[in-house]
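Notes for the one structure printed next.
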Amino acid sequence: MHVSDASRHGVMSPMKTILGILCFSLFFGSATSAEIEKTALMCGNEICFYWWPKLSPPKGWHQDQDMSYEIEANALVPDGSTFSKAETVMYAKALYKPRTPETKSVDQLIADDKNEFLNADPNIAVAEAGVINSADGKKFRSFTFFPKNSGNWEQVSYGEEGDFYLIFAVSSKSMKGLEHTQDAYKELVSHYRE
């Protein structure tokens, strides 16, 4: 879902704003919460809900807010760049468990992602890359997804907090870019807390 530029910049009727806040409160009020940013915005004639892990970008990085709404994740890019132009980007998603009832566990989420990557490119190399602990001691299992010839080199870490499955990813157009970003990526995951 895309958010119209007008609603993203706060140009909404007072009634739509009140309706959005009311729906947001009802929808998220009872959720056991990790440290999740929750936003409800008007998308044409309906309300769109966005949530992603609340993060402090590592030094030299910033949030690309427009891309965050477009990909429904907290999108981070190196300072001086944009998500579409950067060699390497990072992003974090929060999947609200009641809205993904087909996913029963983190293990299933990982298996589904592996299948999705392999269906897109059967030659991709998938490997477990250890565990990164969050600031509150949660263990995030990491995997690498490396293309055989061309594509993006990615590392993805999976975990859960309360009513959310969490996904942290770094994606680069080159192996060198991925390696160069490892410290910032590990800092991003290890500083996250519920």
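How much length would be gained if the chain were fully extended between Thr100 and Gln65, taking 0.36 nm per residue of separation minus their Cα-Cα distance, in nm to one decimal?
Numbers: separation 35, 0.36 × 35 = 12.60 nm, distance 2.44 nm.
Between Thr100 and Gln65, full extension yields 10.2 nm more.
Once a ≥ b ≥ c are taken as the square roots of the eigenvalues of the Cα gyration tensor of segment 60-111, is the result rounded (a/c under 1.5), prolate (a/b larger than b/c) or oblate (a/b not larger than b/c)?
Details: a/c = 3.54, a/b = 2.40, b/c = 1.48.
It is prolate, given that a/c is not under 1.5 and a/b is the larger ratio.
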Ratio of segment 85-167's C-alpha Rg to 2.2 N^0.38 Å, to two decimals?
1.15
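Using only C-alpha atoms and all pairs of different ones, pull out the Kirkwood radius for segment 33-89 in Å with one decimal. Mind showing how you got there, number by number?
Numbers: mean 1/r = 0.0814 Å⁻¹.
Every distinct Cα pair counted, the radius reaches 12.3 Å.
Write down Rg/Rh for segment 52-194, rounded to two decimals, with Rg from the C-alpha atoms and Rh from the Kirkwood relation over Cα pairs. If you can, show how the numbers build up before the last one.
Details: Rg = 14.4 Å, Rh = 15.4 Å.
Over the Cα atoms of segment 52-194, Rg/Rh equals 0.94.
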With only alpha-carbon atoms in the gyration tensor, what are the semi-axes of the equivalent ellipsoid for segment 30-128, in Å, largest first?
23, 22, 14
Given pairs Lys38/Lys97; Lys138/Lys186; Lys85/Lys138; Lys114/Lys139; Lys38/Lys85 and cut-off 25 Å on Cα-Cα distance, the over-length ones are Lys85/Lys138; Lys38/Lys85
Net charge dipole size for segment 130-194 [Lys, Arg +1 and Asp, Glu -1 on Cβ; Debye, nearest 20]:
340
Solvent-accessible heavy-atom area per residue, rounded to whole Å², over segment 67-122 at 1.4 Å:
53
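The values are calculated or read from the model by the stated rules, or taken from the named source; none is laboratory data. Given the structure is predicted, the values throughout are model-derived calculations rather than measurements. Note: ideal-geometry Cβ built from the backbone for every residue, glycine included; neighbour counts use all protein chains shown. These accessible areas exclude ligands, DNA and RNA; they are computed on the full protein's heavy atoms, side chains included. Shrake-Rupley method; radii C 1.70, N 1.55, O 1.52, S 1.80 Å.
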